[in-house]
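Notes follow once the structure below has been shown.
Rule-based calculations on the coordinates, nothing more; no lab input. Predicted, not measured: the structure shown is a model, and the values here were computed from it. Reconstructed Cβ throughout: ideal geometry from the backbone, glycine too, with neighbour counts over all protein chains shown.
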Amino acid sequence: MGNRIPEELIEKIQRTSDIVDVISEYVQLKKQGRNYFGLCPFHGEKSPSFSVSADKQIFHCFGCGAGGNVFSFLIQHEGYSFIEAAQHLADKANIELPSLPSLEQGPGSTISKDSEKMIEAHELLKKFYHHLLVNTKEGQHALDYLLSRGFTKDIIDTFEIGYSLDSWDFVKKFLEKRGFTLSLMEEAGLLVKKSNSNEEFFDRFRNRIMFPIMDHHGNTIAFSGRVLGDEKPKYLNSPETKIFNKSKLLYNFHRARVHIRKNQQVVLFEGFADVISSTRAGVEQAIATMGTSITEEQAKIIRRNVSEVVICYDSDSAGIEATNRAAKILKDAGCKLKVAMIPDGLDPDDYINKFGSEKFKLDVIGASVPVMTFKMSYYRRGKNLQNEGERLQYIENVISELAQLDNAVEKEIYLKQLSSEFDLSMEVLKQQILQKEQQKNRQRTPQQQKITTQEQPKRKPIQSKRLLPAFHTAERMLIGHMLRSKDMAEKVLERLGLQFNIEEHKAIVTYLYAFYEEGNEENVSSFLSKLPSPELQHIVSNIAMITLNSEVSEQELSDYIKQVLNHQKMLMIKEKEVEKIEAERNKQYKEAAQIAMEIIQLKQALKS
Ligand SMILES: [Zn+2]
């Protein structure tokens, strides 16, 4: 975890922050036995399956599997980075963090005095612009314009839309009178320096409809001003500043968060105006980038909060290209993707104005399709599939895409579609995919291959609701006891090492051995901070919550270890049995007999 706050401080923050207090600010908790229970803030539910342990300082939801320590809660719930979460807790506990020049300058991270002033000026102006728009004669024409474009009073208030006067120095005087340093206000993007002067400033935004832009905590940090007529540019945005970083900011994230959680989905738009239209239509889990394509950083922020993303970009060719790019970045971040296709080259606002909100909700967002379906219709565009050359090109494109799909079932479905539409045999299509996959693997460097295997634990953790096979339960019990006792971890290391069957368990155990080796005492909550992914944290918090408190006997320990090892032997037996059948079919009887002997030996080893 790439934090730069000294280890001791992180521990101090953890010791002084009580997880029950922190979570109580967001969830109503009730004490039941040793633990606290409440309605899970990460998934919609009617009866509480979200639990918090004061003893262990961890939380876990038995419904959706979310879990972790006090840091993970803030990261998952508020979309904070680790440093932001630490900062937040340190502030609460009055712990002074050293000023770290290398700290992320993201929205909401350490706020310097200058940044505070910049935000203050933005907040004041936002209120003033809004007042001008809704209450004054000067703003009337702008208000009329918005109302004529389908904006409602409600939406204007919700998004705190405003109006900037047609003046060169109104804002300058307004800020000056309130004691703001003009050069700092220039740095904040509110004023512009006259080109031939050092000291003279004028207003950046004049005679425009003003859309405030908030960071992820709701602080106003920038504006976008739209012209009333046909002047250019149509939208004038604040420049990048200390407080406004486009590559990290997601528009409307602070408002949408609660809706994202409720819907277990986020809809990503190309521009903030689409977000406002979509909210007007009742789709409130809406966010947008600020006129740039989505960055890896933004994708990570999204993934921390939700897994399903619906991309709803314009349906012109630029929008389609952008959808493809965004899909790749979001998929790499681990998001589940869908694409909402707006027909006829319309943008969301046009569509809603033309067909209404209900149709937008049902026929566009509600009818969003898997990325593969979107890509297939993308490759079809402008092609005449009656023409053999174009048809082959299309099939080739689709096969290349299918070769990149991880999900075998999905792959099969699309192949069947292709096969029946063009009357091709499944065998031939599968052969072609195989070739593409082999090409892809050859092109990969060993480094890349390593990365993909490391990333595998991203798979959704297996939920405890399902009945688990014996070896799986045994591994969980072992980890549970290893979390509680360093001695136990040593015993397991000696006898089992890393021979766990479940990849995630193997990873957890590796981190746990390292944790103890560094001299740490048993502490689930501290250990959770060492885990690199929320998926692993969820599994550990789950195990820590359900394990019985009793000491484990030597007999019990041996049984668990045996279950784990037996599973491997059983896998080997199965493999051998296939080999044996193969040998028999090839009439290699001597070899088949040899394999049969090995199977017998393995089976004997199982019993002992
Ligand atoms: Zn939950």
If packing is taken as the average number of other Cβ atoms within 10 Å across a peptide's residues, how do 514-526, 160-172, 362-374 rank, most packed first? 160-172, 362-374, 514-526
How much length is gained on full extension from E358 to E517, taking 0.36 nm per residue of separation minus their Cα-Cα distance? 51.3 nm
From the helices alone, meaning DSSP H stretches of at least four residues, give me the mean residue ellipticity at 222 nm for the chain, per-run term -39500 (n - 2.57), in deg cm²/dmol to the nearest 500. -16500 deg cm²/dmol
What do you get for trypsin sites (Lys or Arg not before Pro) in segment 544-608 restricted to DSSP loop and a cutoff of at most 15 other Cβ within 10 Å of the site's Cβ? K587
If the chain between Y26 and K587 were fully stretched, how many nm would it gain, using 0.36 nm times the residue separation less the Cα-Cα distance? 195.1 nm
Order 296-304, 45-53 from most to least packed using the mean count of other Cβ atoms within 10 Å. 296-304, 45-53
Separation between Cα centres of segment 194-261 and segment 14-71, rounded to whole Å: 37
Can you tell me the FRET efficiency between E421 and A470 if r is taken as the Cβ-Cβ distance and R0 is 41 Å, rounded to the nearest 0.05? 0.35
Potential extension, D157-N324 segment - 0.36 nm per residue separation minus Cα distance: 56.7 nm
With each pseudo-label sitting 7 Å past Cα toward Cβ, what's the E437-L571 distance in nm, one decimal? 1.9
So how far apart, in nm, are the two label points at K173 and Q404 if each is 7 Å from Cα heading toward Cβ? 5.7
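Regarding segment 113-237, what's the average projected area of the Cα-atom convex hull, expressed in nm²?
Computed as one quarter of the Cα hull surface, the answer is 8.1 nm².
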Could you pull the Cα extents of segment 565-607 along its three principal axes, largest to smallest, in whole Å? 32, 14, 8
Identify all aspartates and glutamates with a Cα-Cα distance to K336 below 16 Å; exclude those on the same chain that are fewer than 8 residues away in sequence. E296, E308, D406, E410, E455, E535
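If r is the Cβ-Cβ distance from D350 to I413 and R0 is 22 Å, what FRET efficiency results, to the nearest 0.05?
The calculated FRET efficiency here is 0.10.
With respect to the cross-link table entries K232/K328; K338/K361; K177/K246, which display a Cα-Cα separation exceeding 22 Å?
Where the Cα-Cα span goes over 22 Å, the pairs concerned are K232/K328; K177/K246.
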For segment 253-354, what's the radius of gyration and Dmax over Cα atoms, in angstrom? 12.5, 36
State whether segment 532-577 is rounded, prolate or oblate according to the following rule on the C-alpha gyration tensor (a ≥ b ≥ c being the square roots of its eigenvalues): a/c under 1.5 gives rounded; otherwise a/b larger than b/c gives prolate, and the remaining case gives oblate. oblate
So what does the Cα-only Debye profile of the chain read at q = 0.10, 0.12 Å⁻¹, as log10 I(q)/I(0), no solvent term? -1.07, -1.34
Too long for a 28 Å Cα-Cα cut-off, among K436/K580; K56/K569; K506/K603; K117/K331, are K436/K580; K56/K569; K117/K331
In debye to the nearest 20, the charge dipole size for segment 504-583, taken about the Cα centre with +1 at each Lys and Arg Cβ and -1 at each Asp and Glu Cβ, equals 300
